[in-house]
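To start, the structure itself, in structure tokens.
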Amino acid sequence: MRLLPAPAAPASNAEAASQPASLNQKLTQLRNEGCVVAGLYRNANRTFYKHVVELYMWWRDAEQVDGYLDQAYGLTGKKYKKKVKHGINFAPLFWLAWGWGSGMTDDKANRCSRVLNKLHELYLTQKQYQTDSVVKLANYIESKGGIDGLVGYGRSVDVEDDDDDDEADAAPVLETRLMSTDAMFAELFASARDFYCSVSAPSTADLGATIPLTADGLGLVLVRKVGSQYQLIGASRDDTMVQPVAVQTYLHDYSALPRSVRAIIETLSTQCLPRNLQKFYNTLKDDAAKAAKAGSAKSVRRLLYLHASGELLLSPMHADSGVVTIAKPKQQVFANACNDISLSKRSRRAVEQRLIADSDFNFYQTTSGSIVPEFTISNLASHLIRLQHRFVPNDYVHMDFWPLYTEETEPSAQLVMN
């Protein structure tokens, strides 16, 4: 029995002899890689199953606190039925945990809800699952063929169903505000005032006149350029004029961003379309990028952090030409980054749409002010930071960075500067 067929019409005896040897060598390499990839594939799914079970166990604890889940689910900005045909409606639990920019859909949430109902019944009826529950229930999901096998219909929502190559547009956030518009404006103005009053080395200009100021030390001036100089036309200390300008300036000011995300957002903004052009996003790709690798790979932009040079690189993948942005942060951005890492394309798209397109990025805050922290679970993402809208609890964005392995060549080819 032949393992490999002989060539039908070899050009020469030497060529005929070399082809099986070359194929066998590549087959050995693929078998070795298959062993590793199969392990990664299984571990990724097991991590997902463990996460699903941990959500269920958290739900059990939260359910014991009267009114807590109703209040938490309210942060998603959607209304849900408590009971559905398949039992308890766990869908809002997944929207609460995953948010709007993570690839969660109503269909996935529905399927996961069905899985949790099966786990809930198992937990209540079989005492063996009431100890070491996370491990045992995760093993149970795996033994049933994963989420798809346990649900018993349709496509799987396991890890393999999630294509991170998709630049899926982030779902619109249904706003659930914590305060009135006036209260939000007052808080934003306080932030703007405190920031501009604390700048250590501000840019200054001598206007050659006395400027009226508010009680906060702020004033508004109107100037006209004349040659290389500026003519002072007027000035005001009217709070109804000064405060809106201060707030608008603050929301658009890169220097007001936390150090941990400033360099990242500034780099992404160099190639981000404004809000009024976002609807043309898919039709405004560079022609050369469209032609490259036609039919085999998508030409999308990727943000890399290059460990050796300490630079951020934003450029198209799978393209022969395109716009390349290279930024060199003045201060450390990532904690203990020992390898090249890349921002997930889904997160990049969410940041562009939600933070940068309107230039209102300072609506969002993070608790990691000075540096992007390492992700605490090993063998998954490298670094992760959460940006939370200060007034809309269900509006947040995660920026997740993943190791970029040097053995990834052609599938991850990306433009750089010569």
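Readers should treat all values here as calculations from the given coordinates under stated rules, not as data from a laboratory. Keep in mind that this is a model prediction, so the values were computed, not measured. Cβ coordinates were reconstructed from backbone atoms using ideal geometry, including for glycine residues, and neighbour counts include every protein chain displayed.
Give me H120, H307 sorted ascending by neighbouring Cβ count inside 10 Å, so fewest comes first.
On the way: H120 17, H307 14.
Exposure proxy ranking, most exposed first: H307, H120.
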Checklist entry - Going by a ≥ b ≥ c, the root eigenvalues of the Cα gyration tensor, does segment 72-123 fall in the rounded group (a/c under 1.5), the prolate group (a/b larger than b/c) or the oblate group? => result prolate
Next on the checklist: Taking θ = phi - 60°, what integer Hz values does the Karplus form 6.51 cos²θ - 1.76 cosθ + 1.60 yield along segment 114-123, in sequence order, with x for Gly and Pro?
Outcome noted: 5, 5, 5, 5, 5, 5, 4, 5, 5, 5
Item to check | Which of K83, K78 has the fewest Cβ neighbours within 10 Å, and the rest in rising order | outcome: K83, K78
Checklist entry - So if we plug the beta-carbon distance of T376 and D239 into 1/(1 + (r/R0)^6) with R0 = 30 Å, what FRET efficiency do we get, rounded to 0.05? => result 0.10
Checklist entry - Within segment 236-259, what residues put their amide N at less than 16 Å from the label point 7 Å along the Cα-to-Cβ vector of D194? => result 247, 250-251, 256-259
Next on the checklist: Please compare each pair in K108/K136; K26/K136; K85/K144; K82/K108; K85/K345; K83/K127 to a cut-off of 28 Å on the Cα-Cα distance and tell me which ones are over it.
Outcome noted: K26/K136; K85/K345
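Estimate the FRET efficiency between A215 and D320 by the formula 1/(1 + (r/R0)^6), using the beta-carbon distance for r and 51 Å for R0, to the nearest 0.05.
On the way: r = 59 Å, r/R0 = 1.16.
The value I calculate is 0.30.
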Checklist entry - If R0 is 30 Å, what FRET efficiency do you get for N276 and Q331 from their C-beta distance, rounded to 0.05? => result 0.35
Checklist outcome for this item: The ³J(HN,Hα) series, computed from each phi in segment 329-342 with the Karplus coefficients 6.51, -1.76 and 1.60 at θ = phi - 60°, rounded to the nearest Hz and given as x for glycine or proline, is x, 6, 10, 4, 9, 10, 6, 6, 7, 9, 9, 5, 9, 10
